[in-house]
Amino acid sequence: MSSVIILLGANLGNKLLTLNKAVELIIKYIGDIDLISDIYETAAWGKENQPSYYNQTIKVSTNISPQELILITQQIENELGRIRKEKWGARIIDVDILFYDNDIIETENLIVPHPYIQDRRFTLEPLTEIIPKYIHPVLNLSISELLLQCKDPLSVKRLQKVMD
């Protein structure tokens, strides 16, 4: 059984409903959820003239290989209505694979750990909530340490407490 960390993001439509549906589909297609962060409202990153995002991180146990996993996450995005128009553009849902065990993967369609983790406060805040001591397998720093070093000035605020 492998441990996968996924980041969800949504900034179009009913963002809360979309995140909840994404979680349901992750359980259905990928595996059991071990940990789930609260939901955070975050300013758009990369292309800032768009609505704010709701973000959430999830730790999932799965038997699915990384290459199958990227196809399934894209299937989940498609099922929820994602349309790919432009890099870092507004989207109904984004399902990113941040970590797969402690593996380092570089293929044409998948890079793990996700290459921008250390640069994005909207990723590090919810990650610190669920796996603060996890050591990034490339950078050799904990998630908490990466958050302390992050220079991203954009706003991230805890929006909703997830019920256990």
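Only the coordinates and a few stated rules stand behind these numbers; no lab work does. Please read these numbers as outputs of a predicted model, since none were measured by experiment. Don't worry about glycine lacking a Cβ; one is built from the backbone with ideal geometry, like all the others, and counts go over all protein chains shown.
Take the chain, connect every pair of alpha-carbon atoms lying under 10 Å apart with a spring to form a Gaussian network, then pick out the residue of Val60, Val138, Val95 with the largest mean-square fluctuation.
Val138
Which links in Lys21/Lys59; Lys59/Lys157; Lys21/Lys133; Lys28/Lys133; Lys15/Lys59 stretch past 26 Å when you go from one Cα to the other?
Pairs exceeding 26 Å: Lys21/Lys133; Lys28/Lys133.
Name the residue, out of Pro51, Pro126, Pro115, whose mean-square fluctuation peaks in a Gaussian network model built on the chain with Cα pairs under 10 Å.
In this elastic network of the chain, the residue with the biggest mean-square fluctuation among Pro51, Pro126, Pro115 is Pro115.
Please label the shape of the chain as rounded, prolate or oblate, based on the square roots a ≥ b ≥ c of the eigenvalues of the alpha-carbon gyration tensor (a/c under 1.5 means rounded; beyond that, a/b larger than b/c means prolate, else oblate).
rounded
With springs connecting C-alpha atoms under 10 Å apart, model the chain as a Gaussian network and identify which of Ser142, Ser37, Ser65 has the largest mean-square fluctuation.
Top of the fluctuation ranking is Ser65.
What is the sum of charges, Lys and Arg at +1 and Asp and Glu at -1, for the other residues whose Cβ falls under 14 Å from the Cβ of Ile27?
Net of charged neighbours comes to -1.
If a helix is a whole DSSP H run, which ones in the chain reach 18 Å or further along their own axis (Cα) and hold a mean Kyte-Doolittle hydropathy of at least 0.5?
Membrane-span-like by this rule: 15-29.
Go through the range 114-156 and name the chymotrypsin sites (Phe, Trp or Tyr not before Pro) that are in a DSSP coil and have 15 or fewer other Cβ atoms within 10 Å of their Cβ.
Values: sites: Tyr116, Phe122, Tyr134; in loops: Tyr116, Tyr134.
Of the chymotrypsin sites (Phe, Trp or Tyr not before Pro), the ones in loops of the range 114-156 whose Cβ has at most 15 other Cβ atoms within 10 Å are Tyr116.
Restricting attention to the range 102-164, which trypsin sites (Lys or Arg not before Pro) occupy a DSSP loop and are surrounded by at most 16 other Cβ atoms within 10 Å?
Sites meeting the loop and neighbour criteria: Lys133, Lys151, Lys161.
Which is farthest toward the positive dipole end of the chain among Val4, Phe122, Ser61, measuring Cα position about the Cα centre, with Cβ charges +1 (Lys, Arg) and -1 (Asp, Glu)?
Phe122
Work out which GluC sites (Glu not before Pro) in the chain are exposed loop sites (DSSP not H, G, I, E or B, at most 13 other Cβ within 10 Å) and give the longest gap free of them.
Longest site-free region, per DSSP loop and neighbour criteria: 109-164.
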